[in-house]
Amino acid sequence: MSFSNNLKLKWWIEVAALALISALIYLLSINQFSYYRDDWYYAYDGYIAGHSIFNIMFSSDRPARGIFFGIYYFLFGAHPLPYHIGIYIWRLLGAYSALWLFHLLWSRQRIASFSMALLFLVYPGFLWWPEGIEYQPMVASAALHTFSFALTLVALRSKQKAAPFLWAGSILTGLTAIALVDYAVGMEAFRILCIFLFIVNTRQDLSFLRKVTQTLRASLLPLTIPFLFIIWKLFIFQGDRKATDITIQLGDLLRAPLETSFLWGQRLFDSTLNVSVLAWWTPLQTHYYFLQPTDLWVGFSVATISIALTLIAARLITTPPSEEPTQVFPIADTFPLQAILLGLAGVVFGLLPVVMANRFVIFKAYSHYALPASLAGVVMVVGLVHALSSKKLQLILVSLLVGIAALTHRGLSIKAADEQATIRNFWWQVYWRIPQIQEGTMLAVHYPAITIGEDIEIISGPANFLYYSQPQPGIDLVKYKLGATRFDQQGIQNVLGEKAKISKLYRSHTMFLNYRRTLVMSQPSAASCVHVIDTRWVERSKYDTDQIAQLFPHSKIAYALTENETNSTPLDFVFGAEPGHNWCYFYQKAELARQQGDWALVAALGTEAASLDLVPADPIEWMPFLQAYAVLGQIEKVETLAARFQDDLFHQEQFCKNLNRLEQNGIVLGDDIQVKVNDLFCR
């Protein structure tokens, strides 16, 4: 086989290997993904107002994202799957661009270049990729920026008429990347360093001073990218979001230069360490524990296959000494030092805008700040690996890093898929239980095993999608009919006080929180059903948190309406297909019938559930059925249920109270039934 044909084959092997490994890591659970965290408000605002709402959403800080999302929404609407496929495609295109870039910089280092592109593709320090809508422009920006760097080097090498077009493409894609992610502007220093390294490696006949001079000359056109962005940001664009206002952020430095400089230096050091080294360990520690035994087996299988594909690809693209090109290049030993210095400098400069904006890279919440600099981070890591003398050890270490990334992303995808499944299941139960929630209601919701934090969108999003999903194309502000409160100390105090009224405006939507109109809903455990709290009855699950117990007396069941004139059904692309009618279906329908006062229907639902051998995992869910049997005088069924709780004082006490509360709510038991329930539950 000729040298050129062999080279083409190796390119195809690298391209195929990157696609196969990344598909295995990112696409295995993609059909289980819907909306994750902030995706809810992107999807809902777009669904209600149409694609034009995104221009309003980002008018205060990053207008390019408004255009970006407008195009996406025009093409795909609110359907989540195209966004998850899109974020994967952008990531793969970014890896192909990185492969091209690294081959331009180090044409003899084929294994190293492939390793860097692969590690950039599977980089485990960016943990928000399951949020397919919000983080779409960030992944697209990283891909465009990397492509822009490669075009710059090709333009430098080109002496044909194509050069102006290559420069134009490089500048255009670079500006687009920064317009989408402004803190990526620091990576423009990485571009200049790549230009210098490219000249060093291809023009060895020049003196060092001439190399520097040529670098400065070649950098004049690329420098227009950060200069144009800074001029636009400082003097043209009038934004009103403090987090992205350069002058406001620099104000801290002017007010307290020493203190701020020290803080920035500390954050820069920590962030650099996180991006380049700890990204391969800390996220794995966190997400490994989301893998249950079956998931763990799948995770290790994915990691093992990824490692095997990496080793196979490396073996196939290894160039025998007899086939190496005869051109003059720097000796192989210079690559590790070049990669380490380029990577370290790229990470530091790439993170400077992040740190100067008073942000930093931590994997719990701010992993997206690592994405632009991750390109330089993998260069540094591979440089350190290739500083080792053993080729086999180098390949083993790179393969292990790929396996670590695969296991990390598997744990992350399981966590995200489980959370989304929990939310979908929760709101299907709410749909069975509540035909309509009155406009203006404020929801206090507890999901099992999900930390809500500041992300109240995972409550307000599905609630409004479920009950108020009528599109209003062209409006410039989406008004959420249902609000949601956080479960922090202030939120709980507001519910307890029942006085606060808060209007919250965020980007393209507004939400009014009236704490006098709170409806509390809780799913105490993954095995429990959703409990819509009705203060007429004392029904505390043994799995309820103390926070939920505090809120019980403040839940206004009157806002859970028992009729729905529209008879609308949940949107399938939001909530998926209706789950099977398990115990929770009958429980929710029984709760609704109890609220409507239809005790005969409650009892009938209990009989139907029993015929299907359905029983609750949370014993408190027997309550509506027990009350119905007592009201209807079905003593045998009351006695059968009582036998389940002979030694269960926690539930006996609640059954006693709620059976006796029937009279307080206008329902009088027969004397014989009253005596029997007192004897069975109130001793």
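The values are calculated or read from the model by the stated rules, or taken from the named source; none is laboratory data. Just so it is clear, the model here is predicted, and its values are computed rather than measured. Neighbour counts are summed over all protein chains in view; Cβ atoms, including those assigned to glycine, are modelled from backbone coordinates with ideal geometry.
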Condition met for Leu7 (at pLDDT below 95 and part of a helix (DSSP H, G or I)) | yes
Is one or more of the residues making up the stretch 307-319 within 25 Å of Lys8 (Cα to Cα), modelled with pLDDT under 90 and either part of a helix (DSSP H, G or I) or not assigned by TED's automatic domain parsing to the domain that holds Asp205 (or both)?
-> yes
Complete set of residues in the stretch 556-585 that are under 31 Å from the mean Cα position of the chain (by Cα) and either in a loop (DSSP other than H, G, I, E, B) or basic (Lys, Arg) (or both) = Ser568, Thr569, Pro570, Leu571, Gly576, Ala577, Glu578, Pro579, Gly580, His581, Asn582
Since Ala444 meets every condition but one in (1) in a strand (DSSP E or B); (2) under 14 Å from Leu561 (Cα atoms), which condition does it not meet?
-> (2)
Lys161 fails exactly one of the following numbered conditions: (1) in a helix (DSSP H, G or I); (2) more than 22 Å from the chain's Cα centre (by Cα). What is the number of that condition?
-> (1)
Select from the stretch 152-208 the residues that are within 19 Å of Ser97 (Cβ to Cβ) and of a type in the set (Val, Ile, Thr) and list them in ascending order.
-> Thr152, Val154, Ile171, Thr173, Thr176, Ile178, Val181, Val185, Ile192, Ile195
Hey, can you tell me all the residues within the stretch 103-125 that are within 20 Å of Val277 (Cα to Cα) and either outside any loop (DSSP other than H, G, I, E, B) or touching a Phe, Trp or Tyr at 6+ places or on another chain (Cβ under 6 Å) (or both)?
-> Ala112, Ser113, Phe114, Ser115, Met116, Ala117, Leu118, Leu119, Phe120, Leu121
Answer yes or no: is there a residue in the stretch 148-157 that is surrounded by fewer than 23 Cβ atoms within 10 Å (Cβ to Cβ), in contact with an Asp or Glu (Cβ under 9 Å, 6 or more places away or on another chain) and more than 28 Å from His287 (Cβ to Cβ).
-> no
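A quick yes/no check of all residues on (1) surrounded by fewer than 23 Cβ atoms within 10 Å (Cβ to Cβ); (2) touching a Ser or Thr at 6+ places or on another chain (Cβ under 8 Å):
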{"site": "Ser29", "(1), (2)": "yes, yes"}
{"site": "Trp40", "(1), (2)": "no, yes"}
{"site": "Met57", "(1), (2)": "no, yes"}
{"site": "Ile71", "(1), (2)": "yes, no"}
{"site": "His79", "(1), (2)": "yes, no"}
{"site": "Leu93", "(1), (2)": "yes, no"}
{"site": "Phe114", "(1), (2)": "no, no"}
Of everything in the stretch 214-241 that's surrounded by 12 or more Cβ atoms within 10 Å (Cβ to Cβ) and modelled with pLDDT under 80, which residue is nearest to Leu505 (Cα to Cα)?
-> Arg241
Going by the structure shown, is Leu400 outside the structural domain of Ala560 (by TED's automatic domain parsing), part of a helix (DSSP H, G or I) and modelled with pLDDT under 95?
-> no
Within the stretch 620-654, the residues that are among the charged types (D, E, K, R), in a helix (DSSP H, G or I) and over 16 Å from Ala604 (Cα atoms) are Glu639, Glu653
Residue check for Arg644: within 23 Å of Lys542 (Cβ to Cβ) and at pLDDT 85 or above | yes
Among the numbered conditions (1) surrounded by 20 or more Cβ atoms within 10 Å (Cβ to Cβ); (2) under 20 Å from Arg540 (Cα atoms); (3) without any contact (Cβ under 8 Å) to a residue 60 or more places away in the chain, tell me where Val631 comes up short.
-> (2)
What do you reckon, is Arg540 surrounded by 15 or more Cβ atoms within 10 Å (Cβ to Cβ), within 23 Å of Val445 (Cβ to Cβ) and charged (D, E, K, R)?
-> yes
Given the structure, is Phe465 of a type in the set (Phe, Trp, Tyr) and in a strand (DSSP E or B)?
-> no
Might you check whether a residue that is touching a residue at least 12 places away in the same chain (Cβ under 8 Å), crowded, with 23+ Cβ neighbours inside 10 Å and under 14 Å from the mean Cα position of the chain (by Cα) occurs anywhere in the stretch 443-451?
-> no
Determine which member of the set Phe363, Phe300 is of a type in the set (Phe, Trp, Tyr), at pLDDT below 95, in a helix (DSSP H, G or I) and in the same structural domain as Pro137 (by TED's automatic domain parsing).
-> Phe300
Scanning for something touching an Asp or Glu at 6+ places or on another chain (Cβ under 6 Å) and at pLDDT 95 or above, does the stretch 570-588 turn up at least one residue?
-> yes
For the stretch 659-673, does any single residue satisfy the condition of being within 24 Å of Asp544 (Cα to Cα), at pLDDT 90 or above and of a type in the set (S, T, N, Q)?
-> no
